[in-house]
Amino acid sequence: GTVADIGHRRKCHDAINVVLEQLRRWNAGTTYQSDGSLLFTTREDLEVKLAAMWEEFYDQSAHDVPIVGSLEGLRDLATMANNRVVYVTGRPITHRAMAEEWLSRYHFPDGLIWMRSASDSRPSHFVKRDLVLHLQGQKILCIDDDTHVLDMYQELGFAVIRAPHYWEARSMVSG
């Protein structure tokens, strides 16, 4: 939860994007970098490296701290009209215990946790769409910090709140 943790996760995420770009180039038939060096020996090498980088990225999330105001805001929303809370995350099911422990450690409201399968490496907005599609037509409020995910939720007809802006504004008003 320190600046160093956040910096490490940012570096990890940036490195993942580099590997993803290399994978895109590999898929397009480009096996060499602009300097003439080989991207990777095999596609499998690239996929193994990418999987390891994502694993490190997700492992680091155990050290995250809640966004200021998020706990209080979610508690308020959960108690209004006795709303049900469902946590929809792009983290893989292999990190369920860590997610449950994190939510418990910070006393987040009880709720279901919907996660991607361990083998699903699609972008979050595709994963989350599949997780919530069956709820279409119901009165749902979705909170996320990813604009692609929020756009997808709106396309499905759900109300959305962009985090962390909502939590930050809420803490300024109530604090």
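Values in this text are rule-based calculations from the coordinates and carry no lab data. This structure is a prediction, so every number in the text was calculated from the model and none was measured. A quick note on method: Cβ atoms are made from the backbone with ideal geometry, for glycine too, and the neighbour counts reach across all protein chains shown.
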- Message: Can you tally the net charge around Pro109? Count Lys and Arg as +1, Asp and Glu as -1, for every other residue whose Cβ sits under 15 Å from the Cβ of Pro109.
- Response: -1
- Item | For Trp114, distant residues with modelled amide H under 5 Å away | Tyr87, Val88, Thr89
- Return the distance in nm (one decimal) between the two label points of a simple spin-label model at Arg105 and Leu71, each offset 7 Å from Cα along Cα→Cβ. 1.2
- Item | Calculated Rg and Dmax of segment 51-103 using C-alpha coordinates, Å | 13.4, 43
- In vacuum, with every alpha carbon of segment 64-146 counted as one equal point scatterer, what does the Debye formula give for log10 I(q)/I(0) at q = 0.10, 0.11, 0.15, 0.25 Å⁻¹? Two decimals, please. -0.26, -0.31, -0.60, -1.45
- Task: Pull up all non-local amide H partners of Ile140: gap of 5 or more, or a different chain, and H-to-H distance under 5 Å with H placed in the peptide plane.
- Result: Ala159
- Note on the structure: Residues meeting the amide H criterion for Asp145 (H placed from the backbone, H to H distance under 5 Å, 5 or more places apart or on another chain) are Ala163
- Specify the inter-centroid distance of segment 136-150 and segment 45-99, based on alpha-carbon positions, in whole Å. 15
- If you keep only loop residues by DSSP, which chymotrypsin sites (Phe, Trp or Tyr not before Pro) in segment 88-134 have at most 15 other Cβ atoms within 10 Å of their Cβ? Tyr106
- Message: What distance in nm lies between label points placed 7 Å from Cα along the C-beta direction at Ser119 and Gln138?
- Response: 2.8
- Where labels lie 7 Å past Cα in the beta-carbon direction, separation of Asp145 and Arg96 in nm: 2.5
